[in-house]
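Input: a single structure, listed below in structure tokens.
The values are calculated or read from the model by the stated rules, or taken from the named source; none is laboratory data. Just so it is clear, the model here is predicted, and its values are computed rather than measured. Virtual Cβ from ideal backbone geometry, glycine too; neighbours counted across all protein chains shown. Surface accessibility is based on the protein's heavy atoms, side chains included, excluding ligands, DNA and RNA. Shrake-Rupley method; radii C 1.70, N 1.55, O 1.52, S 1.80 Å.
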Amino acid sequence: MRKRLLVAALGLLACGEGLFDARGRPDVRVIGREGGTVTSRDGRVRVTIPPGALEGEETVSLQEVGTRDWSVGVTYSLEPSARTLALPARVEMRAESAPGHRGPASLVRMTRAGLPAPMAGAWSEGTRSFGQLSALEDLGLSQPPCSEPIECADGFRCEDGACRACPANVSCRANPDLPGPRNTGVPAGSVLVRHEGDLVVDTPGAVLEDRDIHGRLIIRANDVTVRRCVVHAPVPREIDGIINVTGVTGVVLEDVEVFAEESSTLQWGVVGGGFTARRLDIHGVVVGMSLRSGARVESTWIHALDPVGAQYGISVFGGSDIGIYDSNVHGPGEAVGAAIFVNQEAGPTRDVRVERNRLDRGSCIVNLGHAGGASLQGMAVRNNVFGARTIYDCAVLVSTQTQLSAAGNVWEATGVEVPIERHD
């Protein structure tokens, strides 16, 4: 599976043989409307500008600019800096491994302020990383901040956002089947077509595949299928979902990555109901998913929420027949919010099932309250594994008027059954 987009920048070690033969592939080239390729002098980075991306001839260079505190090895500069491209350029790079992490570090771009930012369509395969640039910007690889054990190599564990070697008397082995960077989001090898701006799908039965959507995805028709897409959007004027599915049924979202381009309390990931979501990678938002009637979530990874105003991994404020299964869901932190939060703020809520998930982070990791109605009925929390990142050691908090079926829920570290705490 494609590696998750990282908030850091691309860097490469300067030793070793080049991935590309730089002879005959200079790092400075005159490129026009016909397109062309520049290759770094060390032969490790190649940027291919497609035909039609430039309006006229430009002298394009790709130069090493040294290491930075966030980089894994050398970073690179593309000139003329910030030149916008009509079509995205393809970046291919030797993928160094980030110390202690599983697999290679991922490509990132750098903003004008010199800060790392996600690169559209970034993914890694074997010894190579790939990505797309909509403008000529600096590049690098970064050691990703970890948020859970599956992101660290065996023998390492995640502590304070970094993969650190385990003590000699501790076994650190991750579950490879847990939803994470290798099995959610767009699969490795997918080629994405860029779409600029919001995309509205209003044709029943439509199939949308292999898109890099720089805007919101709004689904207004039944039986729509979305596969292998990246959806990322600028800050909205009001709270909104980067993917919004409202008033429909039969929608399927598969192998989709969703993230916010900028930090904002208005950025929510997926909002709506009437859909089945499988293998989604959602990050960088304040609420991962806000589910309504008929929403089913399977094998999905919600993580690395925006620390500015982050609230919930998954929220339910009204609706029925909602299921969350076999997923890996994080709340915003140890002291605030929840991985899963359910109440009746927007209307009656009933028949919500939370089963076979790994859940972590929050003042209480799962919080079920009848607020907004006389009672909360048909709740099921069964056979889940709970992490330890909760300031109150609170796995499940249930209001006194919540009807709950709970069994088989255990702490990840010990296998001991978690307590169900009840109070309003």
| Is it fair to say Ala295 is open to solvent by 10 Å² or more (accessible area, probe 1.4 Å), touching a residue at least 12 places away in the same chain (Cβ under 8 Å), over 20 Å from Ala413 (Cα atoms) and hydrophobic (A, V, I, L, M, F, W, C)? | no
| note | By residue number, the members of the stretch 207-244 that are assigned to a strand (DSSP E or B) and either of a type in the set (Lys, Arg) or in contact (Cβ under 8 Å) with a residue 40 or more places away in the chain (or both) are Arg211, Asp212, His214, Ile219, Arg227, Arg228, Cys229, Val230, His232, Gly241, Ile242
| said: Val191 - would you say it is closer than 20 Å to Gly273 by Cβ, hydrophobic (A, V, I, L, M, F, W, C), assigned to a loop (DSSP other than H, G, I, E, B) and touching a residue at least 12 places away in the same chain (Cβ under 8 Å)? | reply: no
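At least 1 residues that are of a type outside the set (A, V, I, L, M) and at positive phi in each: list the strands (runs of 3 or more DSSP E) lying fully within the stretch 345-424 that qualify. Before you say what the answer is, go through the steps one by one.
On the way: elements: 349-355, 358-360, 366-368, 376-382, 396-398, 402-407, 420-422.
Where strands (runs of 3 or more DSSP E) fall fully within the stretch 345-424 and carry at least 1 residues being of a type outside the set (A, V, I, L, M) and at positive phi, they are 349-355, 376-382.
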| field | Sole exception among (1) over 26 Å from Val65 (Cα atoms); (2) touching a Pro at 6+ places or on another chain (Cβ under 7 Å) for Leu136, by number | value | (1)
| said: Take the residues in the stretch 215-225 that are touching an Asp or Glu at 6+ places or on another chain (Cβ under 7 Å), of a type outside the set (Gly, Ala, Ser) and open to solvent by less than 40 Å² (accessible area, probe 1.4 Å); name whichever of them is nearest to Val245 (Cα to Cα). | reply: Ile218
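Tell me the strands (runs of 3 or more DSSP E) entirely within the stretch 26-106 that contain at least 1 residues that are β-branched (Val, Ile, Thr) and open to solvent by less than 10 Å² (accessible area, probe 1.4 Å). Quick ask: steps written out before the conclusion?
Values: elements: 28-31, 36-39, 45-49, 58-64, 76-79, 84-94.
Counting at least 1 such residues, we get 28-31, 36-39, 45-49, 58-64, 84-94.
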| remark: Over the stretch 256-278, the set of residues in contact (Cβ under 8 Å) with a residue 60 or more places away in the chain and farther than 13 Å from Leu305 by Cα is Val256, Glu257
| request: Could you tell me whether Arg382 is among the basic types (Lys, Arg) and either open to solvent by less than 10 Å² (accessible area, probe 1.4 Å) or more than 30 Å from Thr265 (Cβ to Cβ) (or both)? | output: yes
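May I ask you to say which residue of Ser142, Ser124 is surrounded by 16 or more Cβ atoms within 10 Å (Cβ to Cβ), of a type in the set (S, T, N, Q), out of contact with any Cys (no Cβ under 8 Å at 6 or more places or on another chain) and at pLDDT 80 or above? I'd like the intermediate steps shown before the answer.
On the way: Ser124 fails: at pLDDT 80 or above.
When all the criteria are applied, what remains is Ser142.
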| task | Starting from the stretch 107-126, take each residue that is closer than 23 Å to Arg211 by Cα and among the basic types (Lys, Arg) and list its partners that are at pLDDT 75 or above and surrounded by 15 or more Cβ atoms within 10 Å (Cβ to Cβ), counting only C-beta distances under 6 angstrom and pairs at least six apart or across chains. | result | Arg109/Ala117; Arg109/Met119; Arg109/Glu137
| field | Number of the condition not met by Val201 [criteria: (1) under 23 Å from Asp223 (Cα atoms); (2) under 22 Å from the mean Cα position of the chain (by Cα)] | value | (2)
| Any idea which of Gly114, Gly185 is open to solvent by less than 40 Å² (accessible area, probe 1.4 Å), outside any strand (DSSP E or B), more than 20 Å from Leu62 (Cα to Cα) and of a type in the set (Gly, Ala, Ser)? | Gly185
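Taking the stated definitions as given, is Gly272 more than 30 Å from Arg109 (Cα to Cα), open to solvent by less than 10 Å² (accessible area, probe 1.4 Å) and of a type outside the set (Phe, Trp, Tyr)?
Numbers: more than 30 Å from Arg109 (Cα to Cα): yes; open to solvent by less than 10 Å² (accessible area, probe 1.4 Å): yes; of a type outside the set (Phe, Trp, Tyr): yes.
So Gly272 passes the test.
Just for the stretch 278-299: of the residues that are under 14 Å from Ile242 (Cα atoms) and part of a strand (DSSP E or B), which one is modelled with the lowest pLDDT? Don't jump to the end; show me each part of the working.
Start the filter on the stretch 278-299 by keeping residues that are under 14 Å from Ile242 (Cα atoms), which leaves 280-291.
Right, trim to part of a strand (DSSP E or B) and you get 281-283, 287-291.
On the way: Asp281: 93, Ile282: 94, His283: 87, Val287: 96, Gly288: 96, Met289: 98, Ser290: 98, Leu291: 98.
Ranking the qualifying residues of the stretch 278-299, first place goes to His283.
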| When residues of the stretch 191-214 are limited to those that are out of contact with any Gly (no Cβ under 6 Å at 6 or more places or on another chain) and on the phi > 0 side of the Ramachandran plot, the one surrounded by the fewest Cβ atoms within 10 Å (Cβ to Cβ) | Gly205
| task | Please find, within the stretch 248-261, the residue that is most open to solvent (accessible area, probe 1.4 Å) out of those that are modelled with pLDDT of 95 or more and part of a loop (DSSP other than H, G, I, E, B). | result | Thr249
